[in-house]
Amino acid sequence: MSKFTVYFVRHGLTTSNEKGLLCGSTDALVSEQGRRELHELKRLYPYPEVDHLYASPAIRCRETAAILYPGMEPELVENFWEYRFGELENRPASEIMEGTAGQKWLEQAPDLGFPGGETLMETQLRALAGMTHVVAEVRRNGYKKVAVVAHGEVFSLLFQAALVSDQPVEAFLLCPNGMGVAAEVDCERWFQERRMDFLEFFPSGAPRLKPEDSPYFQPNMK
């Protein structure tokens, strides 16, 4: 059976993240602080070498890939674009908590969506399709280690659907900027079951932001 390791890396801090704005389809840049943090993370902690690099087409993901994996040109995977917030794009994250949407967001309800955007289930299916593309390429090319640089909500939904782990669900709600999750994928098992196994959080030893410390998962934020 062909197995490989995949490293899922969330993009660096953006100007929208700093302001607590909802940023899905908006093509936000990594901020100056975000760039400094990425360089510092890479200086202090080991990031695994990989055979191939994949990324969301968003510029924040391409910028992050260039810092963490210099000299490697990522293959862009359209299905790894972030969740589309529709009319809530670029609005304060607190607005997602208004009315019944707030509890649905905390529960990551599959049918949650906003006008002009998409549901969480649609994003999850996109993420699974993107990962299936990666697995097919890995099996065809014989890669042993690959990285995917993409978005927090995309990863959260992908992990909910496919990641086998004894870690609490909350640990995967929001990957910290510039950090990630390593998983082992058996290609045949993926095509049969859409399952992969959690290995570790990385970079090892780096302090990780908890979801409740983020404006995107604070039900009482005003």
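The values are calculated or read from the model by the stated rules, or taken from the named source; none is laboratory data. All of these numbers come straight from a predicted model, not from anything done at the bench. Quick reminder, even Gly has a Cβ in these numbers, built from the backbone with ideal geometry, and neighbours come from all protein chains shown. Remember, those area values only see protein heavy atoms, side chains included, never the ligands or the DNA or RNA. Shrake-Rupley method; radii C 1.70, N 1.55, O 1.52, S 1.80 Å.
Quick notes on this one:
- For segment 19-61, a tally of residues being closer than 19 Å to GLY205 by Cβ, touching a Leu at 6+ places or on another chain (Cβ under 8 Å) and not in a helix (DSSP H, G or I) returns 1.
- Pairs with Cβ under 7 Å, 6+ apart, first in segment 177-191 and on the phi < 0 side of the Ramachandran plot, second part of a loop (DSSP other than H, G, I, E, B) and of a type in the set (Lys, Arg): MET179/ARG208; ARG189/ARG195
- Among the numbered conditions (1) in contact (Cβ under 8 Å) with a residue 12 or more places away in the chain; (2) closer than 29 Å to CYS187 by Cα; (3) of a type in the set (A, V, I, L, M, F, W, C); (4) open to solvent by 30 Å² or more (accessible area, probe 1.4 Å), the only one that LEU21 does not meet is (2).
- If you go through segment 165-192 and keep only what is of a type in the set (D, E, K, R) and touching a strand residue (DSSP E or B) at 6+ places or on another chain (Cβ under 9 Å), you end up with ASP166, GLU184, ASP186, ARG189.
- Any hit, segment 197-213, residues being among the aliphatic types (A, V, I, L, M), over 20 Å from GLU37 (Cβ atoms) and buried (at least 20 other Cβ atoms within 10 Å of the Cβ): no
- Complete set of residues in segment 174-196 that are open to solvent by less than 30 Å² (accessible area, probe 1.4 Å) and either part of a loop (DSSP other than H, G, I, E, B) or over 26 Å from ARG35 (Cβ atoms) (or both): LEU174, CYS175, PRO176, GLY178, MET179, ALA183, VAL185, ASP186, CYS187, TRP190, MET196
- Any pair with Cβ under 8 angstrom, 6 or more apart, that starts in segment 92-111 at a residue that is closer than 15 Å to LEU21 by Cα and ends at one that is basic (Lys, Arg) and assigned to a loop (DSSP other than H, G, I, E, B): SER94/LYS222
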